[in-house]
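Below is one structure, written out as structure tokens, with a few remarks after it.
The values are calculated or read from the model by the stated rules, or taken from the named source; none is laboratory data. Remember, it's a predicted structure, so these values are computed and weren't measured experimentally. Reconstructed Cβ throughout: ideal geometry from the backbone, glycine too, with neighbour counts over all protein chains shown. SASA here: full protein model, heavy atoms, side chains in, ligands and nucleic acids out. Shrake-Rupley method; radii C 1.70, N 1.55, O 1.52, S 1.80 Å.
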Amino acid sequence: MADDINLNPEESQESTAAEQVAGEMTDDTVGNGEAAGAEGAPHATASKTDAELTDLKDKYLRLAAEFENYKRRTTKERADLFKTANQELMVSLLPVLDDFDRARHHTKDTDDADAVRESVDIIYNKLNKTLTQKGLTTMETKGGAFDPELHEAITQIPAPTEDLKGKIVDEVEKGYYLGDKVIRHAKVVLGQ
């Protein structure tokens, strides 16, 4: 039986070479620097790619976190801006409110309609001046052409004169601008 196992030394080397799987490293290929270098290069490239991928993921996560912080911060700043804008307007209107209090106190026992009218006029002018300083302006509508961007037509009536046909005859409710923006459309009556 010993003869069956090792009949020819050349046959045993061929069978050993045939049993090796393709791509499997043998002692001969490890000893050869050329083969070992070729197999090591993909590992080095793969580790470099993994490092770049990890770096890019880290940058992405940091950028996403920074963007979320930016959104939170701007939302908070915007809410604070609206609060302070309202506060500024309210502080500027407090003297007008004080004037109304004084007028009510001083005119409650009087029968003089002129005194009441005068106090109301003074307060109206002060309120109008304060609002104008904050950017509020009134629309001039009477006698002008109808513009659906600025006006809201309530009704049409026969024009009192020929030149008022298709134009604004009366103003039911004033329109206002805040800066350049229309904040309330004027309610008008058109002549036909």
Discussion item. Which condition from (1) surrounded by 10 or more Cβ atoms within 10 Å (Cβ to Cβ); (2) touching a residue at least 24 places away in the same chain (Cβ under 8 Å) is the one that Leu53 breaks?
Written reply: (2)
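Looking only at residues that are open to solvent by 90 Å² or more (accessible area, probe 1.4 Å) and of a type in the set (A, V, I, L, M) in region 56-68, which one is nearest to the chain's Cα centre (by Cα)?
Step one: of region 56-68, the residues open to solvent by 90 Å² or more (accessible area, probe 1.4 Å) are 56-57, 59-63, 66-67.
Retained after the next criterion (residues that are of a type in the set (A, V, I, L, M)): 56, 61, 63.
Numbers: Leu56: 28, Leu61: 22, Leu63: 19 Å.
Step by step, filter region 56-68, then rank; the result is Leu63.
State the number of residues belonging to region 69-93 that are open to solvent by 80 Å² or more (accessible area, probe 1.4 Å) and farther than 25 Å from Thr132 by Cα. Even if it seems obvious, please write down each step before you answer.
Here is the first cut: in region 69-93, the ones open to solvent by 80 Å² or more (accessible area, probe 1.4 Å) are 70-73, 75-78, 81-83, 86-88, 90-91.
The next check asks that each one be farther than 25 Å from Thr132 by Cα; those that pass are 70-73, 75-77.
So the answer is 7.
Could you count how many residues in region 175-192 are assigned to a loop (DSSP other than H, G, I, E, B) and either loosely packed, with under 14 Cβ neighbours inside 10 Å or touching a Gly at 6+ places or on another chain (Cβ under 7 Å) (or both)?
Going through region 175-192, the residues assigned to a loop (DSSP other than H, G, I, E, B) turn out to be 175, 179-180, 185, 192.
Adding the requirement that they be either loosely packed, with under 14 Cβ neighbours inside 10 Å or touching a Gly at 6+ places or on another chain (Cβ under 7 Å) (or both) leaves 179-180, 185, 192.
The number of residues fulfilling the criteria is 4.
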Discussion item. The conditions are (1) under 19 Å from Leu89 (Cβ atoms); (2) in contact with a Leu (Cβ under 7 Å, 6 or more places away or on another chain), and Asn128 fails exactly one of them. Which is it?
Written reply: (2)
Discussion item. Only one of Thr137, Thr155, Thr161 is polar (S, T, N, Q), surrounded by 12 or more Cβ atoms within 10 Å (Cβ to Cβ) and under 14 Å from Leu190 (Cα atoms). Can you tell me which?
Written reply: Thr155
Fill in: Subset of region 106-119 (residues that are open to solvent by less than 80 Å² (accessible area, probe 1.4 Å) and assigned to a helix (DSSP H, G or I))
Thr107, Ala113, Ala115, Val116, Ser119
Item to complete: For region 71-84, state whether one or more residues are modelled with pLDDT of 80 or more and either in contact with an Asp or Glu (Cβ under 8 Å, 6 or more places away or on another chain) or aliphatic (A, V, I, L, M) (or both).
Response: yes
Item to complete: Could you tell me whether any residue of region 157-169 is touching a strand residue (DSSP E or B) at 6+ places or on another chain (Cβ under 6 Å), at pLDDT below 90 and in a helix (DSSP H, G or I)?
Response: yes
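Evaluate the following for Glu149: is it open to solvent by 60 Å² or more (accessible area, probe 1.4 Å) and touching a His at 6+ places or on another chain (Cβ under 9 Å)?
yes
Taking Ala35 as the residue in question, decide whether it is at pLDDT below 85 and touching a Ser or Thr at 6+ places or on another chain (Cβ under 6 Å).
For Ala35, the condition - at pLDDT below 85 and touching a Ser or Thr at 6+ places or on another chain (Cβ under 6 Å) - is met.
Would you pick out the residues in region 115-145 that are among the hydroxyl-bearing types (Ser, Thr, Tyr) and free of Cβ contacts under 8 Å to residues at least 12 places away in the same chain? Break it down stepwise before answering.
From region 115-145, those among the hydroxyl-bearing types (Ser, Thr, Tyr) are 119, 124, 130, 132, 137-138, 141; that's our starting set.
Listed by number, the residues that qualify are Tyr124, Thr132.
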